[in-house]
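> Please read through the structure below; I'll follow up with questions.
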């Protein structure tokens with residue numbers, strides 16, 4: 001009879017939005033954190049969906065608020081910079097408070113990933129997130145526009161026609177709604193967020209935008225406590 005205790009399966013959930021500026025600021029620390037995670041720990045990301053679809057222009061007050069957020073991030077997180085041409089030339093960029101199109105683009109890109117190979121199972125998903133953030137924050141393009149997202153798909157090596165079909169497919173919207181629902185079930189109130197699952201327990205993990213070590217220390221403490 002085998003008396004060995006079963007190995008616990010721990011999962012770190014990362015909840016984000018590709019057009020969330022704080023998620024963009026967290027990317028360098030997140031990359032280091034993922035390298036520090038124990039090999040047996042699973043890492044899973046899913047979309048929280050920051051802002052629903054709309055064709056309405058973004059009000060001036062909100063444009064100013066978001067620009068101020070970018071300025072706060074630049075002061076708080078060394079090395080993070082934004083291209084303010086997006087706001088300066090707002091009549092050309094046509095900002096809208098709509099991040100669902102970009103979220104659907106991430107899901108659509110993932111349909112092209114090789115999910116049987118752990119080295120490429122998130123290749124296009126991650127590439128699309130990077131492309132959206134670069135387009136938005138560095139190149140002053142608007143990822144709320146499907147035309148921009150289709151262009152980005154071509155730039156990361158996807159067939160634009162096939163990608164557009166996936167982007168507009170009903171099952172892509174269904175998957176987004178599923179991920180948003182999961183976020184709400186976890187009581188996520190802001191992005192980015194980290195949730196550690198230890199067996200059937202869920203623990204929020206505080207975000208540190210400057211250093212991955214405090215996050216890792218919290219994770220280890222929660223595992224030992226549980």
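Taken together, the values in this text are just the output of simple stated rules run on the coordinates, not laboratory data. Computed from a prediction, not measured in an experiment: that's the story for all the values here. A quick note on method: Cβ atoms are made from the backbone with ideal geometry, for glycine too, and the neighbour counts reach across all protein chains shown.
> Report the extension gain between residue 88 and residue 60 in nm, rounded to one decimal, defined as 0.36 nm multiplied by the number of residues separating them, less their alpha carbon distance.
8.9 nm
> Give me the angle, in degrees from 0 to 90, between the Cα long axis of helix 213-225 and the longest principal axis of the Cα atoms of the chain, rounded to the nearest 10.
Approximately 40 degrees, to the nearest 10.
> Need one number: nm distance between label points at residue 184 and residue 115, each 7 Å from Cα along Cα→Cβ, rounded to one decimal.
It works out to 2.4 nm between the two label points.
> Additional query: Give, in nm to one decimal, the length gained when the segment between residue 217 and residue 43 is fully stretched (0.36 nm per residue of separation minus the Cα-Cα distance).
61.0 nm
> What list do you get for 70, 203 if you sort them by fewest beta carbons within 10 Å?
203, 70
> A further question follows. Once R0 is set to 25 Å, what does the formula 1/(1 + (r/R0)^6) return for the Cβ-Cβ distance between residue 151 and residue 173, expressed as a FRET efficiency to the nearest 0.05?
The formula returns an efficiency of 0.75 here.
> Direction-averaged shadow area of the convex hull around the Cα atoms of region 10-225, nm²?
Averaging across all directions leaves 12.2 nm² for the Cα convex hull.
> Same structure, new question: Which whole-angstrom value gives the distance between the alpha carbon centres of region 18-93 and region 150-206?
15 Å
> Relative to the first principal axis of the alpha-carbon coordinates of the chain, what is the inclination of helix 21-36, with its axis defined by its Cα atoms, in degrees from 0 to 90 and to the nearest 10?
30 degrees
> What share of Cα pairs, in percent, lie more than 18 angstrom apart in region 58-133?
More than 18 Å apart: 57 percent of the Cα pairs in region 58-133.
> Calculate for the chain the 222 nm mean residue ellipticity that helices alone would give, adding -39,500 (n - 2.57) per DSSP H run of length 4 or more and normalising by residue count, nearest 500 deg cm²/dmol.
Computed ellipticity for the chain at 222 nm equals -15500 deg cm²/dmol.
> Now for a different question. Quick check: the angle from helix 146-155's long axis to the longest principal axis of the chain, C-alpha only, nearest 10 degrees?
The angle comes out near 60 degrees.
> Here is a further query. Would you mind ranking 41, 62, 128 by Cβ crowding within 10 Å, fewest neighbours first?
Neighbour counts put them in this order, fewest first: 62, 41, 128.
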